[in-house]
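Readers should treat all values here as calculations from the given coordinates under stated rules, not as data from a laboratory. On a predicted model such as this, the values are computed, not experimentally measured, just so you know. For neighbour counting, all protein chains shown are included, and Cβ atoms are generated from backbone atoms with ideal geometry for every residue, glycine included.
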Amino acid sequence: MGYRIHTFSPDRNSPTGQIADYEYAAAYEDSAAVHSFAKKVDALTFEFENVPSLVAEIAEAEGVPVRPSGSILHAAQNRQREKSTLSRAGLPVTPFRVVANRSELKEAAQEIGFPAILKTAAFGYDGKGQTRVESETRLEPAWQSLGGQVCVLEAQVDFERELSMVAARGVDGDFAAYPLVENRHVNHILDITIAPAEVEPAVVHEAERLARQLCEYLGLIGILCIEFFLLPKSCKGIEAQAAEAGSTGRLLTNEIAPRPHNSGHWTIEGAVTSQFEQQLRTVSGLGPGSTKQLRPAAMLNLLGDLWQNGEPDWQALLAFSDAKLHLYGKHEARPGRKMGHLTVTADTTSAALEVGLAARAALQRI
Ligand code: AMP
């Protein structure tokens, strides 16, 4: 698109640094380095949430548009702030309590019940910083395993499926949402995304309404992903919750990410505008591009586990001419670390998934 990209992170030769025009390597806390970086750019965005919000504040003070804003970044960094922001925006969230010590944890567990999920309020992603609590006797070990820091205790949701939607909003308030997708997780880490999700139109409309409501509430400029739990139709209390017109009452918001999201990677091959172009367009002040899906798609993550018996069998992948490989240029493959992904587009999502699973299996060295 003709833009020059400057990237800032504590690492040299980072995945973005490998392809950016300029790579600045300095600590996020090095405010002099952040100041000089901010002076050189016309707009600033981020591609993960765990960038100290001070970076956004410094850039904003330098007069550089930070998109999404530092306040949205700040809200998304902490589960307590995130959930209260979602509630204030009128989105349904999983029942939760904030707990800062053992006695609060006990009280919260009495209200929430078991099984529950204990999550650190700060710096959690991909199942890190969270643990399932089966019963009262597991409260103490769970509390200790997370280091006794401020946490949220959530009810474990007996969902039918996990869904997500990536949406974009431009400087003029133009809104565009991608199709709702289904996400399948393994060990709390995203494994597969299926686009579009095969759900009733009412669920899609509701997801889109909630995404729009949130983006407008936040005054978002940029892109954002909302993750949902889809409750089963027969779930208790659903009808009462669904009193509001147009609501199925079946969607609960799990979390938000104000950046390109793993569940939106399929858009590179599967949509008119990829989520990465969408981010660039919206943060650069252009309107969002078309989010129209071109073909059904399946995206399969490649975790570091695939490297455990050596380099994956790239040669074997060549037999799958419909599979598109993306590797992120991370230097070390660790179990559970996202190293890349495959996307397959086909006439149906099930055909795409079938080819994707076979292609991924072919990569595995035994
Ligand atoms: P999170 O980091 O909160 O997105 O959690 C990662 C994954 O853990 C989710 O995508 C779900 O698969 C699972 N999970 C998290 N919270 C809950 C919950 N309250 N009930 C059931 N599963 C959950």
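Below, the figures for the structure above:
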item	result
Choice from Ala202, Ala76, Ala38 with maximal GNM fluctuation in the chain (Cα, 10 Å cutoff)	Ala202
Sites Ala351 and Lys292 - FRET efficiency at Förster radius 22 Å, r taken between beta-carbons, to 0.05	0.65
Set of lysines near Lys106 by C-alpha distance (under 28 Å), chain-local residues within fewer than 8 positions excluded	Lys83, Lys119, Lys128, Lys236
Average projected area [Cα convex hull, the chain], square nanometres	19.3 nm²
Peptides ranked, highest mean first, by Cβ atoms within 10 Å: ranges 45-58, 10-23	45-58, 10-23
Convex hull of the range 6-76 built on C-alpha atoms - directionally averaged projected area, nm²	4.2 nm²
Inter-part distance where the range 120-177 and the range 36-96 are each reduced to a Cα centre, Å	18 Å
Kirkwood Rh, angstrom, the range 134-286 [1 / mean 1/r, Cα pairs]	17.0 Å
Compactness of the range 95-155 as Cα Rg over 2.2 N^0.38 Å, two decimals	0.94
Linear extension gain, Lys128 paired with Arg209, 0.36 nm per residue minus alpha-carbon span	26.2 nm
Anchor Lys324: lysines whose Cα lies under 24 Å away (excluding residues fewer than 8 positions away in-chain)	Lys292, Lys338
Kirkwood Rh and Cα Rg combined as Rg/Rh, the range 74-195	1.01
Dimensionless Rg/Rh of the range 76-126 - Kirkwood Rh, Rg from C-alpha atoms	0.97
Distance (nanometres) between label positions extended 7 Å along Cα→Cβ at Ser284 and Asn187	3.9 nm
Over the range 279-366, volume per residue of the alpha carbon convex hull, in Å³	118 Å³
Where trypsin sites (Lys or Arg not before Pro) fall in DSSP loop in the range 136-176, at most 14 other Cβ within 10 Å	none
Projected-area average for the range 175-214 over all orientations - Cα convex hull basis, square nanometres	3.3 nm²
Cut-off under 5 Å, modelled amide H: who pairs with Gly336 long-range	Gly304, Asp305
Exposure proxy ranking, count of Cβ atoms within 10 Å, fewest first, for Met339, Met1, Met299, Met165	Met1, Met339, Met165, Met299
Neighbour-count ranking [beta-carbon atoms within 10 angstrom, fewest first] of Ile112, Ile223	Ile112, Ile223
